[in-house]
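Here's the structure we're looking at; comments come further down.
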Ligand code: SF4
Ligand code: SF4
């Protein structure tokens, strides 16, 4: 492949304005776009909002004594529930794995298709879109909003503004309120919240999220992406000249200029400089200036431009998902080629598959029963009056299943070893039966005594637990300490 | 900013800071104004904070630190928390007082409470001598084994804790004295050697048979009154069982010789003087659970 130089299209540099240290925010009035990407974005928005607001209401039967909420982070009970999966605090690495998967997914998508996350799925984008929709309902589209803001205060202006902010606040509150549903039983907290009986933390979180939703989606909007979010900086390192980004095809558009009906298209570009792409942009930028940190790749400028191209009867796609290298090669008169399979995309995909496989394997093979034996550290051993040596242990039985169990306990591995569980009698056969509660942890104190003839130094024995109902076996090799070497 | 720094970046039309690395220049974009306002806001907040909360430390000549209008003080907050904890505990604590030791051991909730408070009190007061978990040390009995000098029942342990051993200020202390047979010239060195041989033979050790049989007579005359004719000890006077494998002061010939020559008569304080009744009860339950409780 021959190398080509990437060039950024330049609009002629404006005369340097007198520079201020601080800049006032320029209000952006995004115009409503129509087209296939706008439709996709409406659907994506409906999907995202639907998931966020409705998921806490889904139920999932797990038996008695356990919450039946499908997705629940139960801090009081120290459990995380996700449909059929129940995560205990010591298994928080599954959540870490999920985070890593999500990060890698973001990397992969970015190196393939640019900032898809930013454009369609990020809460900042989704809620801002929703807020602009409300704004449009009260104040009209771009031109009407600009006119209204320029006018002095009047009754007409006042009720529109008040109405807009009221609806914004209502949405913000519903958003903050839905957040806490993920941490409590949704039905219960939804009732107690309004009679003042929910825990204080619920009110705090609802209040904080109400405020942030209102502030970030209502008043901060594009500033969040430009100034607060780290992602635009990170993505610069992930995207490359082969990634499909929302791109102005300057090879086709330039030289731009107004075009009157019937005029020839010879010797000029397809861009008619109508500035529709700028007017619909929620970030207030001009895509024709090339790739920019501010651009969230919402693709609305594609819709706006396509509409114009249809009007002037030129092919659509002057602005389109394209790669820097393709545009540069076409501009240089070369054939374009797309390379979605590259070292980095393969690497991200491979890592994702590996981690997902590892997690799936872990989840499928994880038992619902765990045996932990903690040996007393002090005293390490006790000499009894008849000279025998005794060690003390704490047996911790973790039962993650919804059914109570009974485990029979045996110990063997050292000659003459004797087992005693505090508070439980052994059967004649030397077996001891330990009850274990459903969804719980049970602790037992056990003493193991070894005659002095066979005890000496460090030895090992095996504790054997067997579920009396299912026959499931669990062994645990444990050390036994005695004086000597 | 001096004139010659006004370098304008051509594609963006933005002034640069004049800093350049490998041909890359840093743009001097203006900060958003709201950023500035937030900064002013934090300054205003900090002033308010200094007025409301304790903020300025005690400077020389100024006495104390500033208190702040809200009267917030970590010291007071801690005191309040300790107070409320104490109030919470006193409910369980008073339940400990009224319940018998057996009731405490069988009532799961009380038992857990007693074990927790007993364990921490043991660590603070007892572990210095008896070791963590009652592991014991030479001269300090192991509390986790099955041998007891005075008593291994709940009540017996409670009594020992309350009144101590050979604690002379407490009239009800557990008391007995073993004579220092050598130091006080009650026995000759040869006789002590004989009796030590006999004592060691009681737990099945290989000894000098002749010495041991001479020692048997001395044992019957001098030792049996407390340690029993067979050497199995007597808990009413805290005389250890000499036939088992447990030797608080060591079971080697030298150790036992030393014991007979000098006597040991170890001391334990009467904790009733220092700890409240609920704590003593918790300690009794805890020690009883270590492995030797009777
Ligand atoms: S830049 Fe950040 S906040 Fe903005 S859309 Fe992208 S991820 Fe979301
Ligand atoms: S330039 Fe186009 S894709 Fe980028 S934010 Fe603006 S409208 Fe969206």
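Of the strands (runs of 3 or more DSSP E) lying entirely inside segment A:370-465, those carrying at least 1 residues that are closer than 30 Å to residue B:246 by Cα and in contact (Cβ under 8 Å) with a residue 60 or more places away in the chain are A:389-399, A:440-450. Pull up segment A:285-301, narrow it to residues that are touching a helix residue (DSSP H, G or I) at 6+ places or on another chain (Cβ under 8 Å), within 8 Å of ligand 2 (Cβ to nearest atom) and within 14 Å of another protein chain (Cβ to nearest Cβ), then point me to the one that is nearest to residue A:230 (Cα to Cα). That would be A:294.
Going through B:156, B:123, B:118, B:133 one at a time, which residue ends up being in a helix (DSSP H, G or I), at positive phi and either within 22 Å of the chain's Cα centre (by Cα) or surrounded by fewer than 19 Cβ atoms within 10 Å (Cβ to Cβ) (or both)?
B:133
Filtering segment A:371-392 to residues that are farther than 15 Å from residue A:466 by Cβ and away from chain B (no Cβ under 14 Å) leaves A:372, A:373. Here residue A:339 fulfils each of the conditions (1) more than 30 Å from residue A:101 (Cβ to Cβ); (2) away from ligand 1 (no atom under 16 Å from the Cβ); (3) outside any helix (DSSP H, G or I) apart from (1). Kindly establish whether residue B:68 is at pLDDT 80 or above and at positive phi. Judged against the criteria, residue B:68 is a match.
Kindly indicate whether residue A:270 is in the same structural domain as residue A:33 (by TED's automatic domain parsing), near ligand 2 (Cβ under 9 Å from one of its atoms) and touching a helix residue (DSSP H, G or I) at 6+ places or on another chain (Cβ under 8 Å). Spelling it out, it is not the case that residue A:270 is in the same structural domain as residue A:33 (by TED's automatic domain parsing), near ligand 2 (Cβ under 9 Å from one of its atoms) and touching a helix residue (DSSP H, G or I) at 6+ places or on another chain (Cβ under 8 Å). Answer yes or no as to whether residue A:134 is within 16 Å of ligand 2 (Cβ to nearest atom), modelled with pLDDT of 95 or more and in contact with a helix residue (DSSP H, G or I) (Cβ under 9 Å, 6 or more places away or on another chain). No, not satisfied.
Is it fair to say residue B:29 is surrounded by 11 or more Cβ atoms within 10 Å (Cβ to Cβ), within 11 Å of another protein chain (Cβ to nearest Cβ) and in a loop (DSSP other than H, G, I, E, B)? Answer is yes for this residue.
Among the residues of segment A:430-477, none is identified as over 23 Å from residue A:405 (Cα atoms) and within 41 Å of the chain's Cα centre (by Cα).
Yes/no matrix, rows are residues, columns are (1) assigned to a loop (DSSP other than H, G, I, E, B); (2) modelled with pLDDT under 95; (3) at negative phi:
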position: A:20; (1), (2), (3): yes, yes, yes
position: A:25; (1), (2), (3): yes, yes, yes
position: A:43; (1), (2), (3): no, no, yes
position: A:63; (1), (2), (3): yes, yes, no
position: A:72; (1), (2), (3): no, yes, yes
position: A:80; (1), (2), (3): no, yes, yes
position: A:96; (1), (2), (3): no, yes, yes
position: A:111; (1), (2), (3): no, yes, yes
position: A:117; (1), (2), (3): no, yes, yes
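Among the residues of segment A:118-127, those that are crowded, with 19+ Cβ neighbours inside 10 Å and more than 6 Å from ligand 1 (Cβ to nearest atom) comprise A:119, A:120, A:126, A:127. Return yes or no: is residue B:64 without any contact (Cβ under 8 Å) to a residue 12 or more places away in the chain, within 37 Å of the chain's Cα centre (by Cα) and not assigned by TED's automatic domain parsing to the domain that holds residue B:142? Considered against the rule, which asks whether it is without any contact (Cβ under 8 Å) to a residue 12 or more places away in the chain, within 37 Å of the chain's Cα centre (by Cα) and not assigned by TED's automatic domain parsing to the domain that holds residue B:142, residue B:64 comes out as yes. In this structure, residue B:229 does not satisfy being surrounded by fewer than 15 Cβ atoms within 10 Å (Cβ to Cβ) and assigned to a helix (DSSP H, G or I).
Residues satisfying the criterion are absent from segment A:230-248 (criterion: free of Cβ contacts under 8 Å to residues at least 12 places away in the same chain, assigned to a helix (DSSP H, G or I) and more than 16 Å from ligand 1 (Cβ to nearest atom)).
Checking segment A:95-107 against the condition returns no match, with no residue being within 30 Å of residue A:342 (Cα to Cα), touching a residue at least 24 places away in the same chain (Cβ under 8 Å), within 16 Å of ligand 2 (Cβ to nearest atom) and surrounded by 19 or more Cβ atoms within 10 Å (Cβ to Cβ). In the list B:83, B:26, which residue meets the criterion of being assigned by TED's automatic domain parsing to the domain that holds residue B:117 and modelled with pLDDT of 85 or more? Of the residues listed, the single one that is assigned by TED's automatic domain parsing to the domain that holds residue B:117 and modelled with pLDDT of 85 or more is B:83.
On the given criteria, is residue A:134 within 16 Å of ligand 1 (Cβ to nearest atom) and away from chain B (no Cβ under 14 Å)? So residue A:134 does not fit the description; no. Condition (residue is within 14 Å of chain B (Cβ to nearest Cβ) and crowded, with 17+ Cβ neighbours inside 10 Å) applied to segment A:393-410: is it met by at least one residue? Looking for residues that are within 14 Å of chain B (Cβ to nearest Cβ) and crowded, with 17+ Cβ neighbours inside 10 Å, one finds at least one in segment A:393-410, hence yes.
Against the condition under 30 Å from residue A:382 (Cβ atoms) and away from chain A (no Cβ under 14 Å), how does residue B:85 come out, does it pass? For residue B:85, the condition - under 30 Å from residue A:382 (Cβ atoms) and away from chain A (no Cβ under 14 Å) - is not met.
The values are calculated or read from the model by the stated rules, or taken from the named source; none is laboratory data. Values in this document were obtained by computation on a predicted structure and should not be read as measured data. We place every Cβ from the backbone using ideal geometry, glycine too, and count neighbours over all the protein chains shown.
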